[in-house]
Amino acid sequence: MFTLKYAKDPVWNSDDGQQILLTVRFEEIDEDLPFNATSFDCELHGIDLYNRAKSGEFGTVKPLVENPYYSPPILKDKQSTTSATSATSATSATSATSATSATTTTQTI
C-alpha cells in the first residue's frame with residue numbers, strides 16, 4: 001500500500017469526464033509519477049483520487065487537450081482480420097508440415 005504525499009496538475013483525460021490525469025508522489029517512491037484516476041477504477045484508491053481531484057482538492061481540473069502527435073490506431077473490420085488470421089494459420093500449418101517432412105526425411109537418410 002502506498003501513502004500519497006501529494007497530487008497536482010489535474011487534467012481531464014477523457015471526453016466523457018470519467019478520467020483525470022494527475023501527477024502524484026507517494027512517500028514510498030521518490031519521484032513524480034503520472035496517475036490516471038478514474039471513476040470506474042477497480043482499486044478504491046483510484047476512485048478516491050478521482051473524486052478528490054474532481055472536487056478541486058488538487059486544483060482546478062484543466063480541460064482535455066488533444067495531443068497533436070497522437071493518432072489512434074486504425075482498427076480493421078473483423079472479417080478481414082479473420083481472413084488474415086486464417087490465411088496465416090494455413091500458411092503456418094503448410095510450413096510446419098513441410099518442415100516436419102523435411103526433418104523426417106533428413107532423419108531417415
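The values are calculated or read from the model by the stated rules, or taken from the named source; none is laboratory data. Keep in mind the model is a prediction, meaning the values are calculated, not measured. Reconstructed Cβ throughout: ideal geometry from the backbone, glycine too, with neighbour counts over all protein chains shown. For the accessible areas, the whole protein counts, side chains as well, though only heavy atoms, and no ligand, DNA or RNA atoms are used. Shrake-Rupley method; radii C 1.70, N 1.55, O 1.52, S 1.80 Å.
Residues of segment 26-36 being open to solvent by less than 60 Å² (accessible area, probe 1.4 Å), closer than 23 Å to Leu64 by Cβ and either among the aromatic types (Phe, Trp, Tyr) or part of a strand (DSSP E or B) (or both), which ones? Residues satisfying the conditions are Leu33, Phe35, Asn36.
Would you confirm whether or not segment 37-49 contains a residue that is open to solvent by 50 Å² or more (accessible area, probe 1.4 Å), in contact with a helix residue (DSSP H, G or I) (Cβ under 9 Å, 6 or more places away or on another chain) and assigned to a strand (DSSP E or B)? Looking through segment 37-49, none of the residues is open to solvent by 50 Å² or more (accessible area, probe 1.4 Å), in contact with a helix residue (DSSP H, G or I) (Cβ under 9 Å, 6 or more places away or on another chain) and assigned to a strand (DSSP E or B). Summed over segment 5-23, residues that are open to solvent by less than 50 Å² (accessible area, probe 1.4 Å) and closer than 15 Å to Asn51 by Cβ total 6. Scanning segment 34-53 turns up at least one residue that is within 17 Å of the chain's Cα centre (by Cα) and of a type in the set (Val, Ile, Thr).
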